[in-house]
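As structure tokens, the structure follows; a few thoughts come after it.
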Amino acid sequence: MGALINDISSGATPKVDENYYTDASGIPFLRVQNVTDEGIDLSDVKFIKRDVHNSMLKRSQLKKDDLVFTITGRIGSVAVVPSNFEGNINQHSVRFQLETQITNIAINPRYVAIFLNLALGQSLSMREVTGGTRPALDYKALYSLKTILPPTNIQNHIVSIMLSAYAQKKQKQQEANALLDSIGNYVLKELGIEMPEAEKKKRFVVYAGDIEGRFDPVYMQNMSKIRNLKTPYPLTPLGKLLTEKPQYGANERAVDGNPEADIRYIRITDIDDYGNLLDDWKTAEAIHSKYLLEENDVLFARSGSVGRAFVYKNGFGKAIFAGYLLRFKFDPEKINPSFVLYYTFTKIYKLWLQSIQRTAAQPNINSKEFQSLEIPLPPLAVQNRIVVEVDKRLVDVAKLRQEADAIVEQAKERVERMLL
């Protein structure tokens, strides 16, 4: 790589408590999670002020066709900076500007990024890692990385193979996302609910008995919509469906887990927006039996990713739950816990969530507020029918995502065979 690099600079991270950051009107400030083999991902990006970008972080400004290379955390992920992109990087990445050619071979930056993102390229990167407690790549290691540089026409062919694979993956992901988005509408349709039209009036009526200590207009208007829902089924507060009082999770210290032996410690970050339990997990240093989860316990995130939900099944192995989660135990004769989870996919639930949560330094909802959530309560047979259909759709979503990942992995394997 030392022969290919024309210029290199590392990023820096301004202190959070200083006045360096801003809203989406600022400059994208890339962290490790924003650097992927498919390109720069801005779905969860931070922003810095333009004057910080042009002064303190001027040397790490990103330019067209620069490579952004992660050197700590998820080491060795590489993205190419696209045209008309303005951004910067933190200290966990470096930016490369490559030579245009070497030994009469023109260099395609996208090919170099593809090579470094292959299993082959990443294994070469990991061989150069230094540091014990915090593994990293320093400049010396980066310059010593080995690459395979075929003729330009082969580079371009490899780029076309991978761009095609990423496009096919994106298409599969869009199909999966569309199917996911359909779930909330399906649930509402089965419950006979239509989303209320957005009111264009600037004034609306609230009765004193409905205020309950809240006076802000967004809350009152949204709650008015929810209370006026037309549904053939009774709206029932979650608190009336419980077999015992909701319980707050354990504030234990998490450590790396052994999936074959340890009791899992479920945190908010272990659950995605659709109630799936993610693969990366921790265990707690101390285990208290009162926090052990049982079949069909429902967890709600009460802080941070507020409202995110999860239904625990015995197939996940033994687990306890973290302090930012609330456990609900529902009466099995009245409600299917998965029905509660799938109701959280609906726009009505999200409207309620937007209205009820307190937006302090960290958004939060308490147990009493969660218990006040009113949901349409059809007979168990109807709930079970909804759960069966949603389960089927979620299986189809998982299949589409697996197919999407397989397309890219197969393309990468094909490229490696070409190079070797």
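The values are calculated or read from the model by the stated rules, or taken from the named source; none is laboratory data. This structure is a prediction, so every number in the text was calculated from the model and none was measured. Cβ: placed from backbone, ideal geometry, glycine included. Neighbour counts: every protein chain shown. The protein model used for the area step is the full one, side chains on, heavy atoms only, and it has no ligands, DNA or RNA in it. Shrake-Rupley method; radii C 1.70, N 1.55, O 1.52, S 1.80 Å.
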List every DSSP H helix in the chain whose Cα atoms extend 30 Å or more along the helix's own long axis and whose mean Kyte-Doolittle hydropathy is at least -0.5.
152-190, 380-419
Could you give each residue of segment 262-276 its phi-based ³J(HN,Hα) in whole Hz, using Karplus coefficients 6.51, -1.76, 1.60 with θ = phi - 60°, and x for Gly or Pro?
8, 8, 5, 10, 8, 10, 4, 6, 8, 10, 8, 5, 10, x, 8
Space enclosed by the convex hull of the alpha-carbon atoms of segment 105-194, per residue, Å³
169 Å³
For the chain, what is the percent of antiparallel DSSP beta bridges, rounded to the nearest 5?
90 percent
Would you mind checking which residues have amide H under 5 Å from Ala319's amide H? H placed 1.01 Å from N; only 5 or more apart, or other chain.
Arg264, Leu293
Could you give P(r) for the chain, binned at 20 Å from zero, as whole percent values over all Cα-Cα pairs?
21, 47, 29, 3, 0
Full-stretch length increase - Gln33, Ser83 - with 0.36 nm per residue and alpha-carbon distance subtracted:
15.9 nm
Report the FRET efficiency, 1/(1 + (r/R0)^6), for Ala406 and Asn156, where r is their Cβ-Cβ distance and R0 is 25 Å, rounded to 0.05.
0.55
As an exercise, use a Förster radius of 45 Å and the Cβ-Cβ distance of Asn364 and Ile102 to find the FRET efficiency, rounded to the nearest 0.05.
0.20
How would Asp23, Asp297 line up by accessible area, probe 1.4 Å, largest first?
Asp23, Asp297
Roll a 1.4 Å probe over the protein chains and send me the accessible area per residue for segment 376-420 in Å².
57 Å²
Give a residue-ordered list of calculated ³J(HN,Hα) values for segment 71-88 (Karplus: 6.51 cos²θ - 1.76 cosθ + 1.60, θ = phi - 60°; whole Hz; x for Gly, Pro).
10, 9, x, 8, 6, x, 7, 10, 10, 9, 6, x, 5, 6, 10, 10, x, 8
On a full-extension model of 0.36 nm per residue, what is the gain between Ser289 and Val16, subtracting their alpha-carbon distance, rounded to one decimal in nm?
94.4 nm
For segment 349-420, which chymotrypsin sites (Phe, Trp or Tyr not before Pro) are both in a DSSP coil and crowded by at most 11 other Cβ atoms within 10 Å?
none
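Could you work out the local net charge near Asn6, counting Lys and Arg as +1, Asp and Glu as -1, over the other residues with Cβ closer than 12 Å to its Cβ? Don't skip to the answer; put the middle values down first.
Details: positive: Lys63, Arg95; negative: Asp7, Asp65, Asp66, Glu99.
The answer is -2.
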Just to confirm, what accessible area per residue do you get for segment 54-102 at 1.4 Å probe, in whole Å²?
42 Å²
Would you list which lysines come within 26 Å of Lys230, measuring only between C-alpha atoms, while excluding same-chain residues fewer than 8 positions from it?
Lys189, Lys200, Lys201, Lys202, Lys240, Lys334, Lys347, Lys350, Lys368
Full extension from Asp391 to Ser43: what is 0.36 nm times the residue separation minus their Cα-Cα distance, to one decimal in nm?
122.6 nm
Can you tell me which of Asn19, Asn88, Asn364 moves the most in a GNM of the chain? Springs connect C-alpha atoms under 10 Å apart.
Asn19
For Ile375, the residues 5 or more places away or on another chain with a placed amide H closer than 5 Å to its own amide H are Thr236, Leu238
What distance in nm separates the two pseudo spin-label positions at Lys350 and Ala3, each 7 Å out from Cα along the beta-carbon direction?
5.2 nm
For the chain, what % of the accessible area comes from carbon and sulfur atoms, probe 1.4 Å?
50 percent
Theoretical ellipticity at 222 nm over the chain - DSSP helices of four or more residues, -39500 (n - 2.57) apiece, nearest 500
-11000 deg cm²/dmol
When the Cα centres of segment 274-309 and segment 129-149 are compared, how far apart do they sit, in Å?
37 Å
DSSP loop trypsin sites (Lys or Arg not before Pro) in segment 1-71 with at most 16 other Cβ atoms within 10 Å of their Cβ, which ones?
Lys15, Lys63, Lys64
Tell me the net charge near Tyr312. Cut-off is 13 Å between Cβ atoms, Tyr312 excluded, with +1 for each Lys or Arg and -1 for each Asp or Glu.
+1
